Amino acid sequence: MQIKTPPPLPSVVKREDKMQTLRTFIQAFFLMPSLQNVPTEITLMARSAESPVARALAELGSEIISRGISVRAIFNQLEPEKTPAGWSVTGPEIAFDRHLRWAKNPRLVDAHEQLVLGPRTCWIGDSMRRDPSRRDAYEQFVNDSATTATTISLSFERLWLASVPLLIRTPKAPTTAAVAEKSTDVGLAALAPRDDNAGPLASSPH
């Protein structure tokens, strides 16, 4: 199975500007005067939770929570997260409701990173096989195209059905010994894959 979503008219973005540019893009969407009906869901497809687009979205968690928006996210690689608690753990660090899946099939790496904010607004990144922090990585910001946003959304839904559901972990109260041995990395790989693609996933509470 191979799902590709080639970005239209790609542009080159410097590595150090990527996260800030994505944050600005998301914030600008929320401030659009034409945004009459706030979307109830954002969809994200990224190489890992450490991809700039995933980190940018997580940093705007309070904005997402205040608008009552949930997130569905697909990650291709279950890399360790650099923060003690992130996408993989319930808690205040990323408190918005979220559902996660793992694009386990290696052929799915040809799909592009993507973020759909609304029916006319989305972002398309480079192929998930490439490091999204590379200086020569491609991305495209789409502010007013229902056709593009719909195409990207359909691509996401196909990949969602082809991916493995993941359960978000709820941390237990740590013991003294556990605190002393606590690692600074929390691995997304520690998430427990479900055996089927049906039913609701565990999500973090507001």
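Couple of notes before you dig in:
- Two-site FRET efficiency, T24 against D110, from Cβ-Cβ distance with R₀ of 25 Å, rounded to 0.05: 0.30
- Calculated FRET efficiency for the pair M32/E93, C-beta based, R₀ 41 Å, to 0.05: 0.90
- Placing a label point 7 Å from the Cα of L167 along the Cα-to-Cβ direction, the residues of segment 68-107 whose backbone N falls under 18 Å of that point are 87-91, 98-102.
- Ranking of S51, S145, S88 by count of other Cβ atoms within 10 Å, fewest first: S145, S88, S51
- Ordering of 61-69, 150-158, 115-123 by burial proxy (mean other Cβ atoms within 10 Å per residue, highest first): 115-123, 150-158, 61-69
- Going by neighbour counts of Cβ atoms within 10 Å, the residues K104, K18 line up, fewest first, as K104, K18.
- Prolate is the label for segment 53-113. Its Cα gyration tensor axes, ordered a ≥ b ≥ c, give a/c of at least 1.5 and a/b above b/c.
- Sorted ascending by nearby beta carbons within 10 Å, beginning with the fewest, M128, M19, M32 become M32, M19, M128.
- In this structure, the amide hydrogen of Q77, modeled 1.01 Å from its nitrogen in the peptide plane, lies closer than 5 angstrom to those of S48, counting only residues at least 5 positions away or on a different chain.
Read-outs throughout are calculated quantities, based only on the coordinates presented, and are distinct from any laboratory measurement. None of the values given here were measured: they were computed from a predicted structure. Here Cβ is always computed from backbone atoms with ideal geometry, including for glycine, and neighbour counts include all displayed protein chains.
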